[in-house]
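Read through the structure below, which is laid out as structure tokens, and then see the notes.
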Amino acid sequence: MTTPKQPPTLDPLAVLKGLASLRKLTGTYPAGHPMITQKLAELGDLSAELLGAGSPVCIDVIRGDVFLDGVASSTETQANHQLIAQLSAIGVDSIHIHEGVGLDEFLAVAQFLWQPADTGATVASQLASRNVRHITLGRLVPLDTRWRAQQWADGPTGPLDPAYAESILLAQQTWESTAAGKPLDVVTVRDLVQLLIRKVARSNAALGQILAVKQYENLTYCHSVNVAMLSLLLGKQVGLDEATLTALVEAALLHDVGKTQIPLDIVRKPGALDKSERRTIEAHTTLGAEILVQTEGLHPLTPTVALEHHRGVKGNGYPDLGNAIPHPMSQIVSVADVYEALTGARTYQAPRGPERACLILARIAGDKLNTGLVKTFVNAITFFPVGSLVRTTRRELGLVVRTTPGEPLHPMLALVDENSYLPMGRLDTAERDSSGAYTRHISQTLPAPDALDLRVFLDPQAA
């Protein structure tokens, strides 16, 4: 299968450094100076690479940490606190760059940052007066968002594959029992692992419900079931044997069990965590490992995965274990964990579409995630995985029922009636006209309404 184009792995701090450097240069040298020209060219190249994915570049500094499109930069780049403080001091901790940006706009922004006009006008209007149309600057103001955060359901609300629904119920009961201080029920865990491998994995509808956008607050038990299934999918792709796959599913299922010991108001806080809260939430890795080490009957690597799944492939991340590289099983679960979190809703964040989640995976590959595993995972699911509800450039509404080898961006669709949400026939988006051009493209991934029953499209005999 053709590999989808991977966006470059770039450090958002490089853009901030470039802009801060350009600001100093414009205040020191006359217009047109070679050093200014060179720095402009560097910024232009950086932004062009970041914008290559087709989406705006959003760089935000939140509590001293740099985020690119909502994903934290690596811990190694967080060391330049002086740069961050300088930008914050002049009122900039949010920079959004849009496609079409020109070098003259970077220059105008740098000049503005060096000597902003004290006119009382807004930053947006001052930038507009300088013909800056594709860069926005702002200051992030901490807000108590509890009263305006979108409320999501606690779990899937539409029709579910019966085995998938049973697995979520078993996981919920197990997590609630553990949260209440009772020992982890190993027998139930074993039954759940077999249910996932023997039944849920054979359901196209269940896989579609896991891969697609999830319009619900993905609490720990739902998230854990989904991560176990995605880990199983990736484990099969890399050729693990049956015994290792069973161990992988168990470890993935229990990777977040430590969160049963974290106060729910921190897990579901609708906003940025403060330092104390962050330390608390990060402790779920060690808490989970402790629970699992003390539980007899589990695979020896299960506690290891719970401990390491937030560790990067460069030995970064948490908890601090020195430069130790995570076990390969932990690296598989990490890929599944990040994808599942991105495509699920959070109190503070709407879910991302699969195509956006894949781009983010690619961006952090090589630093936080194993590059080979990310490529294998993205190749397997594609940007528009089975179960995705999409709109074409011809305004057709369709559900992805099969990915097409060699055509990762042009899957087979089942057309969907927009009133009844029932299938209306098949459509191959890889179809080309006489000139060889595609007759249509997928233009948008949509959240599936509760009335849409994936079983009708993907497992019609079971519906």
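Any read-out appearing in this document is the output of simple, stated calculations on the displayed coordinates, not a laboratory observation. Quantities reported herein were computed from a predicted structural model and do not represent experimental measurements. As a convention, Cβ positions derive from the backbone with ideal geometry for all residues, glycine included, and neighbour counts pool all protein chains shown.
Residues 339, 318, 29 in ascending order of nearby Cβ atoms (within 10 Å, fewest first): 29, 318, 339. Kirkwood's formula applied to the C-alpha pairs of the chain gives a hydrodynamic radius of 23.9 angstrom. Taken along its three principal axes, the alpha carbon spread of the stretch 348-463 comes to 45, 42, 29 Å, from the longest extent down to the shortest.
Take the cross-link list 214/269; 199/368; 269/314; 236/375; 182/214; 182/259 and give me the ones stretching past 22 Å between alpha-carbons. With Cα atoms farther than 22 Å apart: 199/368; 269/314; 182/214. What fraction, in whole percent, of alpha-carbon pairs in the stretch 162-370 exceed 20 Å separation? The proportion of pairs with Cα distances above 20 Å equals 55 percent.
Each 10 Å bin from zero holds the following percent of Cα-Cα pairs in the stretch 287-421: 11, 31, 30, 17, 9, 1.
Angle of helix 354-364 to the longest C-alpha principal axis of the chain, folded into 0 to 90 degrees and rounded to 10: 70°.
Working value for the stretch 160-251: equivalent-ellipsoid semi-axes of 20, 17, 11 Å, each the square root of 5 times a Cα gyration tensor eigenvalue, largest first. Axis angle, to the nearest 10 degrees, between helix 242-253 and the longest C-alpha principal axis of the chain: 60 degrees. Taking the Kirkwood radius as Rh and the Cα radius of gyration as Rg, the stretch 389-447 has a ratio of Rg/Rh equal to 0.97.
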